[in-house]
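Read through the structure below, which is laid out as structure tokens, and then see the notes.
The values are calculated or read from the model by the stated rules, or taken from the named source; none is laboratory data. In this text, all values refer to a predicted model and were calculated from it rather than measured experimentally. Here the Cβ positions follow ideal geometry from the backbone for every residue, glycine too, while neighbour counts run over all protein chains shown.
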Amino acid sequence: MSVAAQLEEAARACAREGGALTELRRQVLGLILEAGAPLTAYQLLDRLKETRKGAVPPTVYRALDFLLARRLIHKVESLNAFVPCIGPAHDGHQAQFLICRSCGSVTEIADEAVARALGEAASRLGFRPSSALIEVSGACVQCVRGAAGGR
């Protein structure tokens with residue numbers, strides 16, 4: 001799906017929830033969608049300043065807060081960076097991230113069995129999670145292949 005189509009889908013999702021994907025929010029989400037890799041708030045700010053000279057950190061943080069609350073993006077905590085999450089299959093799911101420490105790629109998976117197992121383990125301990133984010137660090141298939149081929 002194109003970035004433009006994803007932005008339109010995001011705008012419709014916001015409207016269904018009674019919010020608006022303002023031009024600034026759309027621009028921040030567009031930057032995240034186009035990046036192809038996780039972006040920190042300050043990387044977003046630098047990119048935003050290319051078209052919005054007066055952009056300051058609170059500008060980006062407010063947009064990010066809105067996008068996070070609408071589940072249009074995820075924050076990868078260990079990287080302190082943001083990745084997109086758009087589409088009906090992603091609505092309200094508990095994400096798991098595979099983070100390559102070699103090339104920096106982040107792959108989102110939404111494995112219901114993993115989410116269910118975590119929920120059941122928490123339940124056995126009487127714990128009620130409000131959210132769960134699993135981040136697994138390692139090497140992606142391309143980096144593993146590259147390392148194996150370089151021997």
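Quick check: anything in the stretch 34-45 modelled with pLDDT under 95 and touching a Pro at 6+ places or on another chain (Cβ under 6 Å)?
No: zero hits.
How do the pairs read when you match residues in the stretch 60-75 that are assigned by TED's automatic domain parsing to the domain that holds E34 and surrounded by fewer than 22 Cβ atoms within 10 Å (Cβ to Cβ) with residues anywhere that are among the charged types (D, E, K, R) and assigned to a helix (DSSP H, G or I), using Cβ under 6 Å and keeping only pairs 6 or more apart or on different chains?
Partner pairs satisfying both residue conditions: F66/R25.
Please go through the stretch 36-61 and give me each residue that is in contact with a helix residue (DSSP H, G or I) (Cβ under 8 Å, 6 or more places away or on another chain) and of a type in the set (A, V, I, L, M, F, W, C), ordered by number.
Answer for the stretch 36-61, where residues must be in contact with a helix residue (DSSP H, G or I) (Cβ under 8 Å, 6 or more places away or on another chain) and of a type in the set (A, V, I, L, M, F, W, C): L39, A41, L44, L45, L48, A55, V56, V60.
Being of a type in the set (A, V, I, L, M, F, W, C) and within 21 Å of I109 (Cβ to Cβ) is the requirement here; does L48 meet it?
no
Kindly provide the set of residues from the stretch 50-73 that are part of a helix (DSSP H, G or I) and among the hydrophobic types (A, V, I, L, M, F, W, C), ordered by number.
V60, A63, L64, F66, L67, L68, A69
Can you tell me which residues in the stretch 92-148 are within 23 Å of F82 (Cβ to Cβ) and assigned to a helix (DSSP H, G or I)?
V114, A115, L118, Q142, C143
If you check every pair at least six apart or on different chains, which have Cβ atoms under 8 Å apart with a residue in the stretch 36-49 that is part of a loop (DSSP other than H, G, I, E, B) first and a residue that is among the aromatic types (F, W, Y) second?
From the stretch 36-49, the pairs are P38/F82; T40/F82.
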